[in-house]
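In what follows, a structure is listed as structure tokens, so that the remarks can point back to it.
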């Protein structure tokens, strides 16, 4: 089941490149498609794709025969650890003229490690999660309840969640990125994240908002070990598959390193494994690399590289990447053009029923300073559709309150804001921003601004 679910993260019907779909196309004799997809991955530095591309150039499959290009890509594959690449390059080299060898060297330089590092790959940190801050850490974890339906059926699984730890040490905006099997553990994980207490990230001793992640595992004690296995054994088995070059295992192993406190690892250890899966064309892993680069998590911050990776994932309709691109565009009082771009990405993600996208889109429509971007009726409709998921999240009620106020319905605004305050009090949030908005609504004034700026 894990391989099936992870395969869905790696492959897609969207027109994009990944090792699985490229190999499938090659196996069916669709060499034109396979060549294009292998080339896309080869240019990202994926060694198996580089070798396959070299073979196709040498055979004239999906492209005109070119021993020069075959030699270049075989050499690059060899440099990246693909042993058959050296054999092919050595076989082709005697057939090439000095000019052809020079062309091959130029192509190798263009897509070699140095150039990839310069324009695309993250500069991974060592031994720390951020270069400029102490990362958030759990202080008082709230152990999630085992969902009764899953318990009755003996269903086990795991859920990977990312969220923001606000300066007050409480979680905001938990985003479920992976859950197997779906529909059982998500609510328990959100509840655990929201009810836990954290040590916030700090810069020069001052608390700031920062992202973190957790991988929750759910195991029924009565189920035999052969049906589930110990955590240690599962991690070791996944690592072996990852080291053997399995992109799905690389992605799952990265999730384990990033999200299992028991392993006591920092995110910089997970990032190289996410990168391997990203180079193999996995949009989810490309999303992880892109967000890591944008916020400097596990690597040096580099907005240009981050946008490239996020754009690749977003264009493949990876909804979390679309949401992250929107969040990036919405930072620091966005221009009308940036706001328009963010709305476009959120609309695309919302069409895929991504609930985080619907919440963010609703927050823009409810309280945006630009009048032409406000649509409180639609904001309320969007939140109606996700109330079951977010009914205990104060931000959900704050968005509804702002939408009611934008419609001059201050009775509705006060009722919703009261719910937000009740939930925030229960969770231990800093109440000052919520109380300020409550005062606005009590005096029949709307709120204009970012409701999700923590």
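The values are calculated or read from the model by the stated rules, or taken from the named source; none is laboratory data. Every value quoted in this text rests on a predicted model; they were computed, and no experiment measured them. Here the Cβ positions follow ideal geometry from the backbone for every residue, glycine too, while neighbour counts run over all protein chains shown.
Quick check: is even one residue across the stretch 195-204 part of a loop (DSSP other than H, G, I, E, B), surrounded by fewer than 14 Cβ atoms within 10 Å (Cβ to Cβ), modelled with pLDDT under 95 and touching a strand residue (DSSP E or B) at 6+ places or on another chain (Cβ under 8 Å)?
Step one: of the stretch 195-204, the residues part of a loop (DSSP other than H, G, I, E, B) are 196, 200, 204.
Checking the rest, the ones that are also surrounded by fewer than 14 Cβ atoms within 10 Å (Cβ to Cβ) come to 204.
Next, from what is left, pick out any that are modelled with pLDDT under 95: 204.
Keeping just the survivors that are touching a strand residue (DSSP E or B) at 6+ places or on another chain (Cβ under 8 Å) gives none.
No, the conditions are met nowhere in the stretch 195-204.
Which condition breaks for residue 288 when tested against (1) touching a residue at least 60 places away in the same chain (Cβ under 8 Å); (2) closer than 30 Å to residue 52 by Cβ; (3) assigned by TED's automatic domain parsing to the domain that holds residue 246?
(1)
Among the residues that make up the stretch 240-255, is at least one of them part of a loop (DSSP other than H, G, I, E, B) and modelled with pLDDT under 85?
Taking every residue of the stretch 240-255 in turn, none turns out to be part of a loop (DSSP other than H, G, I, E, B) and modelled with pLDDT under 85.
Within the bounds of the stretch 310-320, is there any residue that is touching a residue at least 24 places away in the same chain (Cβ under 8 Å) and either over 17 Å from the mean Cα position of the chain (by Cα) or closer than 30 Å to residue 437 by Cα (or both)? Please lay out each step first, then the result.
In the first step, residues of the stretch 310-320 are kept if they are touching a residue at least 24 places away in the same chain (Cβ under 8 Å); the result is 310, 312-320.
Those still in the list that are either over 17 Å from the mean Cα position of the chain (by Cα) or closer than 30 Å to residue 437 by Cα (or both) too: 320.
Taking every residue of the stretch 310-320 in turn, at least one turns out to be touching a residue at least 24 places away in the same chain (Cβ under 8 Å) and either over 17 Å from the mean Cα position of the chain (by Cα) or closer than 30 Å to residue 437 by Cα (or both).
State whether one or more residues within the stretch 274-285 are surrounded by fewer than 19 Cβ atoms within 10 Å (Cβ to Cβ) and more than 22 Å from residue 127 (Cβ to Cβ).
no
For (1) surrounded by 15 or more Cβ atoms within 10 Å (Cβ to Cβ); (2) touching a residue at least 40 places away in the same chain (Cβ under 8 Å); (3) assigned by TED's automatic domain parsing to the domain that holds residue 355; (4) not in a helix (DSSP H, G or I), each residue gets a yes or a no:
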{"position": "151", "(1), (2), (3), (4)": "yes, yes, no, no"}
{"position": "164", "(1), (2), (3), (4)": "yes, yes, no, yes"}
{"position": "173", "(1), (2), (3), (4)": "yes, yes, no, yes"}
{"position": "177", "(1), (2), (3), (4)": "yes, yes, no, yes"}
{"position": "184", "(1), (2), (3), (4)": "yes, no, no, yes"}
{"position": "192", "(1), (2), (3), (4)": "yes, yes, no, no"}
{"position": "213", "(1), (2), (3), (4)": "yes, yes, no, yes"}
{"position": "216", "(1), (2), (3), (4)": "yes, yes, no, yes"}
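Every residue in the stretch 299-318 that is farther than 21 Å from residue 80 by Cβ and buried (at least 24 other Cβ atoms within 10 Å of the Cβ), please. First the steps, then the outcome.
Step one: of the stretch 299-318, the residues farther than 21 Å from residue 80 by Cβ are 300-304, 306-307, 310-311, 313-318.
Answer for the stretch 299-318, where residues must be farther than 21 Å from residue 80 by Cβ and buried (at least 24 other Cβ atoms within 10 Å of the Cβ): 310, 313, 314, 318.
Test residue 361 against the stated conditions and say whether it is free of Cβ contacts under 8 Å to residues at least 24 places away in the same chain, closer than 22 Å to residue 337 by Cβ, assigned by TED's automatic domain parsing to the domain that holds residue 424 and crowded, with 17+ Cβ neighbours inside 10 Å.
Yes; evaluated as a whole, the condition is true for this residue.
Out of the residues in the stretch 368-377 meeting the condition of being part of a helix (DSSP H, G or I) and in contact (Cβ under 8 Å) with a residue 24 or more places away in the chain, tell me which one is surrounded by the fewest Cβ atoms within 10 Å (Cβ to Cβ).
Per the criteria, the residue is 377.
Check off (1) under 29 Å from the mean Cα position of the chain (by Cα); (2) in contact (Cβ under 8 Å) with a residue 24 or more places away in the chain; (3) surrounded by fewer than 19 Cβ atoms within 10 Å (Cβ to Cβ) for residue 384 and give me the number that stays unchecked.
Among (1) under 29 Å from the mean Cα position of the chain (by Cα); (2) in contact (Cβ under 8 Å) with a residue 24 or more places away in the chain; (3) surrounded by fewer than 19 Cβ atoms within 10 Å (Cβ to Cβ), the lone unmet condition for residue 384 is (2).
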